[in-house]
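Enquirer: Pasting in a structure now, in structure tokens, and then I'll have a few things to ask.
Please treat every number below as a calculation from the coordinates, not as lab data. Quick caveat: nothing in here was measured; it's all calculated off a predicted structure. Virtual Cβ from ideal backbone geometry, glycine too; neighbours counted across all protein chains shown.
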Amino acid sequence: MAGRKRQRIRSEREGFVGLIEMLDGKRVFLDTAPIVYVFENKMPYKDLLSPVFLAVDNGTVHAVSSLVTVVEVLSKPYRFEQWELVETYRKVFGCLSRIDVLPLTMETADLTAQVRGKCNLKTPDAIQWATATLHNVDYFLTNDKGFQVLNDDRVLVVDEYI
């Protein structure tokens, strides 16, 4: 993303429309933060991202994620014994979910090591990126600005749409 600037979207409505139009019909990797924002009611992110999850439910956005995301979203609810939230996340990633949880493979491990070697991303973030890359996503939806080191137009940082 270095060297390129996204047009700053001024109103929430314009941000919502721009993001939904961009993702429509696309294969999108969901990093941890967007999922947490929606299912833990984090404002103003929930208002922006809920339509994305509705589009996932409707099948107009093909969402994928990884086992790292599952581990990350479940860690805090387990720590604080938030059993209802644990059950919510189990349903989000369960067998009837519209979010495909992608496997970790030796190929993922190898690409993760390459990404870490070149970009110095943290291991979980490098796993996320490697998984997304190997599964040919159109976009990578995150709110982690650390991914900007990749200098890849597929990385969408949520804060840029708020």
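Enquirer: Identify, among V92, L121, Q82, the residue whose Cα sits farthest towards the positive end of the charge dipole of segment 69-162, taking +1 on the Cβ of Lys and Arg and -1 on the Cβ of Asp and Glu, with the dipole about the Cα centre.
Expert: My answer, from the dipole projection, is Q82.
Enquirer: How would T32, T133 line up from fewest to most surrounding beta-carbon atoms within 10 angstrom? Present the calculation step by step, with values, prior to reporting the outcome.
Expert: Working: T32 22, T133 19.
Going from least to most buried by this count: T133, T32.
Enquirer: If each residue's Cβ is checked for other Cβ atoms within 10 Å, how do C95, C119 rank with the fewest at the top?
Expert: Working: C95 5, C119 15.
Fewest to most other Cβ atoms nearby, the residues stand as C95, C119.
Enquirer: Then there's this: How many angstrom lie between the Cα centre of segment 88-135 and the Cα centre of segment 58-74?
Expert: 10 Å
Enquirer: Exposed loop trypsin sites (Lys or Arg not before Pro) only (DSSP loop, at most 11 other Cβ atoms within 10 Å): please give the longest stretch of the chain free of them, not including the sites.
Expert: Between exposed loop sites, the widest span is 11-121.
Enquirer: Divide the volume of the convex hull of the Cα atoms of segment 76-148 by its number of residues and quote the answer in cubic angstrom per residue.
Expert: Per residue, the Cα convex hull of segment 76-148 comes to 124 Å³.
Enquirer: Further question on the same structure: Any chance you could run the full-extension gain for W83 through D110? It's 0.36 nm times the residue separation minus the Cα-Cα distance, nm to one decimal.
Expert: Details: separation 27, 0.36 × 27 = 9.72 nm, distance 3.55 nm.
The span from W83 to D110 would gain 6.2 nm if fully extended.
Enquirer: Let me have the 222 nm mean residue ellipticity of the chain computed from DSSP H runs of 4+ only, each contributing -39500 (n - 2.57), with the sum over all residues rounded to the nearest 500. Before the final figure, lay out each step's value.
Expert: Values: 7 runs with 83 residues, N = 162.
About -16000 deg cm²/dmol.
Enquirer: Another question, then. Cα convex hull of segment 12-161: mean projected area in nm², to one decimal?
Expert: On the way: hull surface 34.6 nm².
Spelled out: convex hull of the Cα atoms, projected over all directions, averaged, 8.6 nm².
Enquirer: For the chain: lysine pairs with Cα atoms under 21 Å, gap of 8 or more or different chains, count?
Expert: 12
Enquirer: About the Cα centre of segment 8-162, how large is the charge dipole given +1 on each Lys and Arg Cβ and -1 on each Asp and Glu Cβ? Please answer in debye to the nearest 20.
Expert: Working: 17 positive and 22 negative charges, 38 e Å.
The calculation lands at about 180 debye.
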